[in-house]
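Below: one structure, written as structure tokens.
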Amino acid sequence: MHRRAARQTLQIRLLGGFQLVYNTSPATSLLTARLKSLLAFLLLHRDTPQPRGYVAFLLWPDSSESQARTNLRHLLHALRQCLPDADRLLSIDAQHIQWNTDDRVALDVAQFEAAVAAGALEEAVEIYHGDLLPDCYDDWLIAERERLRQVYIDVLWEQLARQERAGDYRAAIGSAQRLLQLEPLHEELHRVLMRLHMLNQDRAAALQVYRVCAGRLQAELGVDPGPATQALYHELLAAPHEAGANRPAAPHLVGRAEAWAFLERAWQASLDHWPHLALILGETGMGKTALCQAFAAHVQGQGVPVLAARCFPAEGALPYAPVAGWLRARPLPPLERVWRGEIARLLPELLAEDPELSPPRPLVEDWQRHHLYDALVHALLPDDSSPLLLVVDDAQWCDLATANWLSYLLRARPGAPYLILAAARSEDFDDNPPLRSLCAELRRRDQIADLVLPPLDRDDTLALARHTAGTALDPAVCDGVCQESAGNPLFVVELARAVAGRSVAGELPLPARLRQAIEARLAALSPAARDLADLAATAGQRFEIAVVQQASGLAEAAFMGALDELQRKRVVREEGSTRAHFSHRIVRDALYDDIPPVRRAALHRRMALALRALHAGAPGPVSGQIAAHYEGAGCADLAVRFYCEAAGDAQATGMPGEAAALLDRACALAVSLPDASRGARRASALFERLGDICEQISRPADARQAFERALALLQPGNRTGRRRLQRKLSKLRGAR
């Protein structure tokens, strides 16, 4: 008797990007972009046979009819070769093409529409992973993409209304936030979200929604929020403050009132409702550890036990490191011998304390792991009534074993009043799959609350700087600290200590602790990302992405991968789609200073060549940048040439002052050219040109100095030039 063959399935995803999975094996890579476009068209019009001529015209609108049909014939042949069970799924004849609907094919668009039709709103929201084929730019797709997007928006609005009617304000807030991702300038939606936060007793969050709304409207449209939104905002301001929401946790936690309120809400929720994880994310130096320590002291002051530990960046991960730290933070409660034997896996000193305790056996079966899990729960939570705060720092290094056990812990005692407070570096969060998976699972179970610490604003930056320095700071120094720190509390503190007592601004020093923090961040980069960071540093604090990509010589995929890593590690940030900047000037300076001179010159030369290649037709606007890179590369002759071109462009566009500055730089380089005789002739002509511009913009002293330098560098036999320069000098003396 033959065993029946396994049922073969095909899963096709078009929402959020093209994905094709055949019997659990991805098959997307087999399809070219044009094959994906054809297949998507047939899937979206699966109910009707499509004329071949019409399909050919849609896919190749700029080709002749015969050529388009030929292209389609070749493409159909390729599709039948790549698509599993093509003969079953496709009907193709001389006139028409059609996708055959089959119950063994799971199409997410069809599933989404079926869920909407059935009123299964939550299911529809889960299926909609993103816009229809966002990477496809074919004209025929735009209307269908917008239709499905609007259906999804309507579903979210309906879901939000149902959740609000049911009093589930937290879920309604989630729906409103999803809508704002799609319609960030929808002012009424901002008011809805503000009202939901008010109903959820979260005044601080409602105020933050208004600030986001006002910022977006001003940045994108240049307008302020309308009267209805402002009226709601003033109503919020007049409302009584939440208890403790604006009470500072400690004098040094400047600008963290909202973060403190977030922790108080998380702690109260753990006492009143259910245990969960409160995750504090932020860049290095944002004050995550200080905030957690202050809150731990606050809770401990209420007589609640606090157990603190941290994760480590150990080679290959150090399993259960924070759990062992928690266990060692206080004496173990009385436990049965079987539980103590399991805990000895993490605390081997128990075996020395109790010689009769048998060493634990290796974990080879799943039930043994659950036995260990239960033992750890008994040790940390001996009863379900006593509050407890578990703090874990550097959670960005959380290992898989710890993440799995934390997930188990938060299920094991659902009514116990405890909170896990974790702090993690945002730049390393995405590189830790166990931590990301844990957070995703807890989010599905509604057992996580997370907060990203923002930079300090200017007022809080100045307050922290003055508090750290212990004295008043010169206004110019304050401006420098604000600019250089970009609101990072660690940077503020270290810079304030370095400039305490200074009365002039000047260039701020780079404290050793800041350099160490920056170097640690850069050391975590991959070689490709570090090379790209070095190259970008030669471009300056801000740079054009296309120029750096051209200079890198990398293929687009490799370049974007390295750039994405720099963004995830918070080394650079994008400005729109074409520009980027370093997260802090001192990060860029630290990178640039560490590049060896020979390599730095080579990088500058690559940047100059990239600019010339990208602006070959009209280099004028970037001639100054090209010149500066050639100067950095040690190519003085080329630098002089492009400084002169930049000066000419500046003069032609009505900026003589800038032209004079560029020519001044060209003159300084020209006199140092290796060929002394040629350099002198060139420098003389440049100084005379500089003098003419200075005279034009009424800077007679600078003009006279330039003419005198031109005269001194003039060749002895050039009598015509000498007489001309002497006349110009005489004219200036007469003008006095």
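Consider region 149-196 and keep the residues that are among the acidic types (Asp, Glu) and not in a helix (DSSP H, G or I). The one that is farthest from Asp450 (Cα to Cα) is Glu183.
Yes or no: Gln230 over 23 Å from Ala115 (Cα atoms), outside any loop (DSSP other than H, G, I, E, B) and either of a type in the set (S, T, N, Q) or in the same structural domain as Ile448 (by TED's automatic domain parsing) (or both)? Break it down into steps so the answer makes sense when it comes.
On the way: over 23 Å from Ala115 (Cα atoms): yes; outside any loop (DSSP other than H, G, I, E, B): yes; either of a type in the set (S, T, N, Q) or in the same structural domain as Ile448 (by TED's automatic domain parsing) (or both): yes.
For Gln230, the condition - over 23 Å from Ala115 (Cα atoms), outside any loop (DSSP other than H, G, I, E, B) and either of a type in the set (S, T, N, Q) or in the same structural domain as Ile448 (by TED's automatic domain parsing) (or both) - is met.
Given the options Asp450, Asp446, Asp460, name the one that is part of a strand (DSSP E or B), under 28 Å from the mean Cα position of the chain (by Cα), under 21 Å from Phe262 (Cα atoms) and not hydrophobic (A, V, I, L, M, F, W, C). Talk me through it step by step, then tell me what you get.
Details: Asp446 fails: part of a strand (DSSP E or B); Asp460 fails: part of a strand (DSSP E or B).
On inspection, the qualifying residue turns out to be Asp450.
Of note, Asp431 satisfies the criterion of being closer than 19 Å to Val587 by Cβ and assigned to a loop (DSSP other than H, G, I, E, B). The C-beta contact set for region 252-263 (first residue of a type in the set (A, V, I, L, M, F, W, C), second residue buried (at least 22 other Cβ atoms within 10 Å of the Cβ), distance under 6 angstrom, 6+ apart or interchain) comprises Val254/Leu464; Ala259/Leu291; Leu263/Phe295.
Of all the helices (runs of 4 or more DSSP H) wholly in region 616-725, which have at least 1 residues that are within 28 Å of Ala602 (Cβ to Cβ)? Can you show your working first?
Values: elements: 623-632, 636-652, 656-670, 676-696, 700-713.
Counting at least 1 such residues, we get 623-632, 636-652, 656-670, 676-696.
So which residues in region 568-602 are within 21 Å of the chain's Cα centre (by Cα) and farther than 13 Å from Arg521 by Cβ?
Narrowing region 568-602 to residues within 21 Å of the chain's Cα centre (by Cα): 568-591.
Those that are within 21 Å of the chain's Cα centre (by Cα) and farther than 13 Å from Arg521 by Cβ: Arg573, Glu574, Glu575, Gly576, Ser577, Thr578, Arg579, Ala580, His581, Arg585, Asp589.
Among the conditions (1) in a helix (DSSP H, G or I); (2) closer than 19 Å to Val492 by Cα, the only one that Arg570 does not satisfy is (1). If the condition is being of a type in the set (Phe, Trp, Tyr), closer than 22 Å to Asp272 by Cα and in contact (Cβ under 8 Å) with a residue 60 or more places away in the chain, then region 401-440 contributes only Tyr418.
Only one of the listed residues (Pro674, Pro700) is surrounded by fewer than 17 Cβ atoms within 10 Å (Cβ to Cβ) and modelled with pLDDT under 85. That residue is Pro674.
The listed residues are Pro387, Pro455, and the only one of them that is farther than 22 Å from Pro319 by Cβ and touching a Gly at 6+ places or on another chain (Cβ under 6 Å) turns out to be Pro455. Could you check, for region 592-599, whether at least one of its residues is among the acidic types (Asp, Glu), out of contact with any Gly (no Cβ under 8 Å at 6 or more places or on another chain) and surrounded by 18 or more Cβ atoms within 10 Å (Cβ to Cβ)? Within region 592-599, not a single residue is among the acidic types (Asp, Glu), out of contact with any Gly (no Cβ under 8 Å at 6 or more places or on another chain) and surrounded by 18 or more Cβ atoms within 10 Å (Cβ to Cβ).
The single residue among Leu332, Leu327, Leu372 that is at pLDDT 80 or above and in contact with a strand residue (DSSP E or B) (Cβ under 9 Å, 6 or more places away or on another chain) turns out to be Leu327. Just one of Glu353, Glu349, Glu365 is over 21 Å from Leu410 (Cβ atoms) and either outside the structural domain of Leu307 (by TED's automatic domain parsing) or at pLDDT below 80 (or both); which is it? Going through Glu353, Glu349, Glu365 in turn, just one is over 21 Å from Leu410 (Cβ atoms) and either outside the structural domain of Leu307 (by TED's automatic domain parsing) or at pLDDT below 80 (or both): Glu365. Of the listed requirements (1) within 18 Å of Phe18 (Cα to Cα); (2) assigned to a helix (DSSP H, G or I); (3) in contact with a helix residue (DSSP H, G or I) (Cβ under 9 Å, 6 or more places away or on another chain), Arg145 misses just one: (3). Counting only helices (runs of 4 or more DSSP H) that fall entirely inside region 1-112 and contain at least 2 residues that are surrounded by 15 or more Cβ atoms within 10 Å (Cβ to Cβ) and either within 43 Å of the chain's Cα centre (by Cα) or modelled with pLDDT of 80 or more (or both), the qualifying elements are 33-44, 52-59, 65-82.
Please enumerate the residues belonging to region 284-293 that are under 18 Å from Leu435 (Cβ atoms) and surrounded by 21 or more Cβ atoms within 10 Å (Cβ to Cβ).
Within region 284-293, Met286, Lys288, Cys292 qualify.
Is one or more of the residues making up region 255-273 touching a Ser or Thr at 6+ places or on another chain (Cβ under 9 Å), modelled with pLDDT under 90, in a loop (DSSP other than H, G, I, E, B) and under 28 Å from Leu462 (Cα atoms)? Checked region 255-273: at least one residue is touching a Ser or Thr at 6+ places or on another chain (Cβ under 9 Å), modelled with pLDDT under 90, in a loop (DSSP other than H, G, I, E, B) and under 28 Å from Leu462 (Cα atoms).
The values are calculated or read from the model by the stated rules, or taken from the named source; none is laboratory data. Here the structure is a predicted model, which is why all the values come from computation and not from measurement. Using ideal geometry, Cβ is built from the backbone for each residue, glycine included, and neighbour counts are taken over all protein chains shown.
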